[in-house]
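Peer 1: Mind looking over this structure? Questions follow.
Just so you know, all these numbers are worked out from the coordinates, no wet-lab data involved. Predicted model only: the values in this text are computed from it and were never measured. Cβ atoms come from the backbone with ideal geometry, glycine included; neighbour counts cover every protein chain shown.
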Amino acid sequence: MAQAGSLDVEETERDAATLGGRMKIVVAVVVLGLAATGCVGADRATEALSPSPPASVGSPAPVTSSSPTGEPSIVIETPFVNGELANRVSITGTADVLDASLVVRVLDGDGHELAATVVEASCGDGCLGTFGAELFFFVERRQPGTVEVSGVSGDGDPAVASVPVTLVPA
């Protein structure tokens, strides 16, 4: 019986060594697979973090009213004039309006409101502040549209800036 017991121990040690060798191979294959997958994912992550060029290079929007100082009450910096927008738009700019309060809207080709929000500029009532908003919208077909930002200028008159854009389905 002692002999049988010692054979069992030897067999177990030999099986463990074989299993350990196989496990090392499996682990190596898994690590190589993850490394290869990680490299592909890393490339994609780098691309996603890189800034993309604007769809259309243009200039800030025309302004229809100005502040008492003669400077534009509202200037839209993004999106650019005639830029293409697909279901989401980030709108940024500067404003000097009463109470720093602004209404930001996306309008379709017929002038119907697709999205709107109220934002507050970083400063108002005689000082120039920055603003930003992100709006989501949906259109079924490619069409002209408008991004509009409005408020009340320091002299109490309406202040409106708008940018013509092209709305595209997502």
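Peer 1: Quick one: which residue in Arg142, Arg105 is surrounded by 16 or more Cβ atoms within 10 Å (Cβ to Cβ) and of a type in the set (Lys, Arg)?
Peer 2: Arg105
Peer 1: While we're on this one: Got at least one residue in the range 149-163 being within 18 Å of the chain's Cα centre (by Cα) and either assigned to a strand (DSSP E or B) or free of Cβ contacts under 8 Å to residues at least 40 places away in the same chain (or both)?
Peer 2: Within the range 149-163 (the criterion being within 18 Å of the chain's Cα centre (by Cα) and either assigned to a strand (DSSP E or B) or free of Cβ contacts under 8 Å to residues at least 40 places away in the same chain (or both)), the answer is no, since none of the residues qualifies.
Peer 1: Report, by residue number, each residue of the range 108-119 that is within 21 Å of the chain's Cα centre (by Cα) and surrounded by 15 or more Cβ atoms within 10 Å (Cβ to Cβ).
Peer 2: Leu114, Ala115, Val119, listed by residue number.
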